[in-house]
Each structure stands twice: as structure tokens, then as C-alpha cells.
Amino acid sequence: MTKKELFMANVRGEWTKRTPLWIMRQAGRYLPEYREYKKNMKFEQLCRSPKAVAEVTAQPIEILDLDAAIIFSDILLILEPLGINLKFDPGPVISPILERPEQAADFEEFDAAQKLAFVGDALVEARKRIGNDIPLLGFCGAPFTVFAYLCGTRGAKDFHRTVRFLTNYPEQGKQVLERLADLSIQYLKMQIAAGADAVQIFDTWAGESAEEEFALWSYPYLEKIVRELSQTGAVTSIYIRGSYHLIKRLKKLDATIISLDWRVPMTEAAGILSPKVLQGNLDPHLLLGPKDLVINKAAQILQDMSSYPGYIFNLGHGILPETPVDNVKALVATVHNFERKR
Ligand code: CP3
């Protein structure tokens, strides 16, 4: 079985003897080869160069033997064609930020497939680089999460900006969220046409809201994106950081894969979300600890999910830049050597 066959069997909800594994943010600063490659390049530049993207996308596959590649890019690149200036330092710096209701009218429609064609070119290039036996994933940010950055949210301490806009100017907020949803649909369809085997929608900030606000500000747009993509037969995955309280709503979504953060007990989620394909959810912070701990924690999740049909191992959020590569190697070996039992 190739890695792609293994991954796609799990996507179809089939039980496989071995568990496929990839890691959110698997190409990045914890890898010395990535730091070396990026030494003379800005992040934005790297993202716009299909050859360079193909190279860093392939790094975690070739160096760490991971089972799926995710195209190297960023969820915020969709903002530039909307007329927003975007820099990474290394966190995103956005200007102007959305603060006044009249700004909502400034965000013009654009052809995502055309304006973000470099991402499609990068997928084609990455496919050439990794070959046909490795699954290749595309992605975008969920409208709510991209909106949060657009409002100037950079971390938990300024998340209030997002809520301030949405509560004071609900109509204008809706207008922008709808535009982001429509652009995301075009963008993901383009990525699939360029060779992505599945696409993940990252809703990093959605878990900050209670269910009622999630139902208003995020869910309708996620629902629209996955509905439109499912109609074309595309494989979709939804990731929310902090989704325990939203799990019943996640069940209603037509997404193929639900990617869980580390605070959700996997077995409980499995009971609720079955027969959806599940992905997750080792706490990325624990990868800063001793190797034995990483191995034991991974083995425990593997054991818990051993008989679940359609399971993909991942972390519960992106890997931290401070993570020792040896711990990642130990993790990969643990997952690869674990034989699943029904
Ligand atoms: O998973 C992968 O390997 C693909 C690459 C990828 C990046 N960003 C590269 C990146 C993916 C899937 C993303 C998604 C992304 N970007 C999300 C959703 C996932 C999550 O982590 O919650 C979010 C919220 C962003 C926005 C963003 N971009 C932030 C908050 C930051 C700074 C955080 C940091 O790591 O410093 C970025 C910059 C960014 N995106 C980097 C990388 C590798 C660091 C820039 C660098 O390497 O110089």
C-alpha cells in the first residue's frame, strides 16, 4: 500500500492496520533544513515561489517520513487581493485592519483562482516533487478565523477586536464573512483542480466563542464551504482549536474529516462523531518534554483509536518552533510501528 492509498482508505472510513500521520505546520522553523532554506528569503517570497514551496513542502516527507504533505502557504494570503497589506514578522501584521463599518464595502470581489494562481502552481510543482504516492493537502482559513486576523487579532489578548466588530456592526460583519466564504470556495476548488487530494479548513479562533455565537459567526460559512465542496466529491477537513463545546455542531457538518484539538478526549469524540473520519490530537506542547513522554502519550491515543475506522494521527494544533526534531522522529516511529487491532 502506498502512503496515498493508506491515507485515502482512512478517508473513506476504512480500517487499516497502520495509522497514517501528518503534523499541522510540519514544514517550519523546528526543522533546521527549513531554517537553512529560508535563510535568505522572506516568508511571503517563499510562499509565492512554486519551486521553493515544493521544496519545503517535501522536506518533512523526506526528512521525517510523514505520510501526507501539506502545501506550504498561509491562510492569510487570501487577504492581499482584497487590498490588505500583509507582512509576517513572523506573526502576521495586517494593514489597514477592519475597524469601521464603512470599510466592509471596500472588499471587492476577486477571482481567487486567478489572484492566488501561484498556490495552484505550487501544488502542481509540489506534486512533481513528491510524486503520486504521497497524499497532498491543500487548505484555507475559515472565514471567521481570517476575519479575526482582519480585525487585528494576533493573539488571545486582542481577540476582543473581532467580537467588538461583529456585535456592533453585524450586517457589515456578515457581508465580509460571506465574501470570505465565497472566495474560499473558489480558492479550494482551484487547489483541488491543481492536484490537492483533500483540503483542510483551519478555524483556529472559532473555539473562543460559545455555541450560540459560533452558530452565528462561523458555522454558516463552514457549512456553505463544505456543502459546495462535497457536491464536487472533494475531501474536506475542519480544524477548530477548542472544539469540545462545539462537537454536536461539528457532527452536523458535511465535512469528511474532523480534526480535533488536544483538549477533546478522542474516545468521547469518536462516540459522538462516528462514522466521520477523525484526525488528531496529541498536545503539541508535550513534544517539548522528554522522549518517553511523547512515545507514551502517542501510544495511548493510538490504543484508544485502534479499532476506529477512518483515523489519521496528527497533533491537536500546529507543531511549536521549539520542538526537538528527535521527539518528532520518536513520534513518527511510534505511529509507524503501532499495529492496529480491531
Ligand atoms: O502545515 C504546514 O506545514 C503548512 C504551512 C502553514 C503555515 N501556516 C505556514 C506558516 C499552515 C497550514 C498555516 C496556517 C495558518 N496560518 C493558521 C492556521 C493554523 C494554526 O496554526 O492555527 C494560522 C492561524 C495562520 C496565521 C499565521 N501565520 C500565524 C499566526 C503565524 C505566526 C505564527 C508563527 O508560527 O510564528 C504565521 C506565520 C507562518 N505561517 C509561519 C509558517 C511556517 C512562520 C513564518 C516563518 O517561518 O518565518
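The values are calculated or read from the model by the stated rules, or taken from the named source; none is laboratory data. All values derive from a computational prediction rather than experimental measurement. Heads up, the Cβs are rebuilt from the backbone with ideal geometry, glycines too, and the neighbour counts pull from every protein chain shown. Surface areas here come from the heavy atoms of the whole protein model, side chains and all, with no ligands, DNA or RNA. Shrake-Rupley method; radii C 1.70, N 1.55, O 1.52, S 1.80 Å.
A few points about this structure:
- Remark: the residue 29-residue 160 segment gains 44.3 nm on full extension, using 0.36 nm per residue and subtracting the alpha carbon distance.
- Violating pairs (Cα-Cα greater than 28 angstrom) within the set 128/189; 87/297; 87/251: 87/297; 87/251
- Only the Cβ atoms of Lys and Arg (+1) and of Asp and Glu (-1) were treated as charged; on that basis the dipole of the chain about its Cα centre amounts to roughly 700 debye.
- Dividing the summed -39500 (n - 2.57) terms of all DSSP H runs of n ≥ 4 by the residue count of the chain sets its mean residue ellipticity at 222 nm at -13500 deg cm²/dmol.
- With both residues required to sit in the chain, DSSP beta bridges show an antiparallel share near 15%.
- Two-site FRET efficiency, residue 111 against residue 85, from Cβ-Cβ distance with R₀ of 22 Å, rounded to 0.05: 0.60
- Here the Debye sum runs over all C-alpha atoms of region 3-337 as equal scatterers in vacuum, and log10 of I(q)/I(0) at q = 0.07 Å⁻¹ comes out as -0.26.
- Region 214-342 - percent of accessible surface contributed by carbon and sulfur, probe 1.4 Å: 52
- FRET efficiency for residue 193 and residue 43, using Cβ-Cβ distance with R0 set to 25 Å, rounded to 0.05: 0.45
- Across the accessible surface of region 1-127, with the other protein chains kept in place and a 1.4 Å probe, carbon and sulfur atoms take up 48 percent.
- For the residue pairs 157/276; 17/329; 4/341; 248/291; 51/276; 224/248, the alpha carbons lie more than 26 Å apart in 157/276; 248/291; 51/276.
- Helical segments meeting 24 Å axial Cα length and Kyte-Doolittle -0.5 threshold in the chain (DSSP H): 170-193
- Sparse packing (at most 15 other Cβ atoms within 10 Å of the Cβ) combined with a DSSP loop state is found for none of the trypsin sites (Lys or Arg not before Pro) in region 274-313.
- Residue of 126, 113, 196 that the Gaussian network model of the chain assigns the largest fluctuation, springs spanning Cα pairs under 10 Å: 113
- At a probe radius of 1.4 angstrom, the accessible area of the chain per residue rounds to 41 square angstrom.
- Placing dummy labels 7 Å off each Cα toward the beta-carbon, the span from residue 288 to residue 103 is 3.2 nm.
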